[in-house]
Amino acid sequence: ALMQAAGGSEAHVDDKGKGTIPQHIITLLVQVCGTRGAPHDQAAEKLRDLMHDRQNAKLVAQEDWPLEALARPLMDGTDRSRVACAACFRHIALDARGSERIVQSPLILTALVTALRDGDDQTRQKAAAALGNLAWRSEASREIIISTSGVMDGLQLLLRFGPPPGRESALAALSNLTLNQRCTLQLAGAPEALSELVGEMLTGSAKGQVLS
């Protein structure tokens, strides 16, 4: 299996998200994410656009509190804010420091599992992509992710029953996680999920085949 960052083909820099911006602006947007209503959703979506620039992702990942603020909408936010914040984590997970902070935070990992379990189709896909990118970073990250309650069940359910984009992200995440022996053993004990994983590797989409 090849390790590869999940959701890479979707990442792009457009006019809305091009270039770094002052840190105080990003800080303000993160703070607004902790409010309710339309400004909350709009701030989350603006941050999602800005995360396409790696320097902006690095700014957010400099401290724990902005990441924890972004995690809260994953648990009790609107569908719009959940999708946007899950997409933010997909990008932040590709930053070395950001990835380290995420896997060291039970709050954030629990929020990603909640999004994976309870979110709409887009949220579940983005959460799976974030987990796949975290698993891509290191064996230590994979061990922590596998030990987080609900991750394996959520990914397996998305792989079996999700729409094609969600299945692809779940496949990418599980492909990265199976580089850990304990994960491989868990899947061996879940024959239906293992059959789905192997089937996607052999006959799935071109993206799924590459990721596997």
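The values are calculated or read from the model by the stated rules, or taken from the named source; none is laboratory data. Remember, it's a predicted structure, so these values are computed and weren't measured experimentally. Cβ sites come from the backbone with ideal geometry, for glycine too, and all protein chains shown count toward neighbours. Accessible surface is based on the protein model in full, side chains and every heavy atom, while ligands, DNA and RNA are left aside. Shrake-Rupley method; radii C 1.70, N 1.55, O 1.52, S 1.80 Å.
Quick rundown of the values:
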| item | result |
| --- | --- |
| Residue check for Leu179: open to solvent by 60 Å² or more (accessible area, probe 1.4 Å), outside any helix (DSSP H, G or I) and modelled with pLDDT of 70 or more | yes |
| Unmet criterion (only one of (1) part of a helix (DSSP H, G or I); (2) in contact (Cβ under 8 Å) with a residue 40 or more places away in the chain) for Ile102 | (2) |
| Helices (runs of 4 or more DSSP H) lying entirely in segment 1-89 (those with 2 or more residues that are at pLDDT 90 or above and under 23 Å from Ser169 (Cα atoms)) | 38-50, 54-60, 64-76 |
| Residue check, Arg124 within 18 Å of Gln42 (Cα to Cα) and either under 13 Å from the mean Cα position of the chain (by Cα) or free of Cβ contacts under 8 Å to residues at least 24 places away in the same chain (or both) | no |
| Single residue of Leu211, Leu131 found to be at pLDDT 95 or above and either under 22 Å from Ala87 (Cβ atoms) or not small (Gly, Ala, Ser) (or both) | Leu131 |
| Restricting segment 111-126 to residues that are among the polar types (S, T, N, Q) and open to solvent by less than 70 Å² (accessible area, probe 1.4 Å), the residue that is farthest from Ala140 (Cα to Cα) | Thr123 |
| Among the candidates Leu47, Leu67, residue that is touching a residue at least 12 places away in the same chain (Cβ under 8 Å), farther than 17 Å from Ala96 by Cα, of a type in the set (A, V, I, L, M, F, W, C) and open to solvent by less than 40 Å² (accessible area, probe 1.4 Å) | Leu47 |
| Filtered residues of segment 128-174 (kept if of a type outside the set (Val, Ile, Thr), in contact with a Lys or Arg (Cβ under 7 Å, 6 or more places away or on another chain) and closer than 17 Å to Ser99 by Cβ) | Ala129, Ala130, Asn133, Ala135 |
| Residues that are surrounded by fewer than 24 Cβ atoms within 10 Å (Cβ to Cβ) and assigned to a helix (DSSP H, G or I), drawn from segment 143-158 | Glu143, Ile144, Ile146, Ser147, Met152, Asp153, Gln156, Leu157 |
| Test for Ser138: is it within 22 Å of Leu94 (Cα to Cα) and either open to solvent by 40 Å² or more (accessible area, probe 1.4 Å) or at pLDDT below 90 (or both) | yes |
